[in-house]
Amino acid sequence: MGQEACRAIDADDDLELVASVDVDDDLAVLIERACEVVVDFTVVDSARRTVAFLAENGIHAVVGTSGFDESDHEAFRQAFTTSNCLLAPNFAIGAVLMTRFAEIAAPFFDTAEIIEFHHDTKIDAPSGTATHTAERMAAASADWAPDPTTHEVLAGARGGEGPAGIRVHAVRMRGVVANQEVLLGTTGQTLAIRHETVDRTSFMPGVLLACKRIADFPGVTIGLDTYLGI
């Protein structure tokens with residue numbers, strides 16, 4: 001993702017790629033090169049250090065790393081006083097719309113489950129997008145039918161229990177980039193909302209949009225949907 005972001009930024013006429021660093025590199029180069037915005041696609045332990053560094057030095061942060069918790073969010077809110085930060089579970093505009101559609105649909109259905117599919121090198125489960133989707137759906141409606149399961153023949157067969165009891169299932173498979181399906185059901189009908197990606201370039205329009213607009217959104221923003229106005 002980091003390499004793909006570098007290519008996309010370098011190819012955009014409105015942006016200039018001035019530095020690229022790996023997790024073990026000295027972040028001082030970001031100041032030396034006068035970076036205005038830094039995009040972070042790493043792992044959470046590294047990203048915590050990087051984001052704190054960016055806040056301390058007044059550099060905007062566009063963060064696609066997953067795994068942050070509410071204590072991280074609060075720390076970032078306290079830290080970003082002279083620059084801004086976007087924490088986005090997903091930069092694919094279709095995925096952002098999928099989460100919003102699921103949130104809108106939630107109050108009209110009795111049951112819901114989320115299935116996310118990712119490549120076989122992803123180390124966390126469920127994905128940040130699936131967790132974020134479940135949280136948004138639970139906030140829109142806490143009135144879900146109880147799970148009828150009384151016995152799991154195989155432990156974990158019903159997936160993980162997310163907010164408001166919404167079940168989340170994580171699939172790890174070669175040949176997949178990142179897909180998600182939200183299934184909702186009520187009397188006599190079901191609704192499936194599905195988003196698929198076939199290449200990591202699918203995330204780049206969102207990354208470029210974030211880089212260009214982050215200066216307009218003070219403090220810390222969670223999710224790209226705010227930038228899209230939805």
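Every number here is computed from the coordinates shown, using simple stated rules; none is lab data. Keep in mind the model is a prediction, meaning the values are calculated, not measured. Heads up, the Cβs are rebuilt from the backbone with ideal geometry, glycines too, and the neighbour counts pull from every protein chain shown.
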Report, in deg cm²/dmol and to the nearest 500, the calculated mean residue ellipticity at 222 nm for the chain, where each DSSP H run with n ≥ 4 adds -39500 (n - 2.57) and the sum is divided by the residue count. -10000 deg cm²/dmol
From the Cα gyration tensor of region 93-196, with a ≥ b ≥ c the square roots of its eigenvalues, which class applies: rounded if a/c is under 1.5, or else prolate if a/b is larger than b/c, or else oblate? oblate
Cα centre as origin, Lys/Arg/Asp/Glu Cβ charges: region 1-58 dipole, Debye: 220
For region 51-67, what does the Karplus curve 6.51 cos²θ - 1.76 cosθ + 1.60, with θ = phi - 60°, yield as ³J(HN,Hα) per residue in whole Hz, taken in order and with x for Gly and Pro? 5, 4, 4, 5, 4, 4, 9, x, 10, 5, 10, 10, 10, x, 5, 9, x
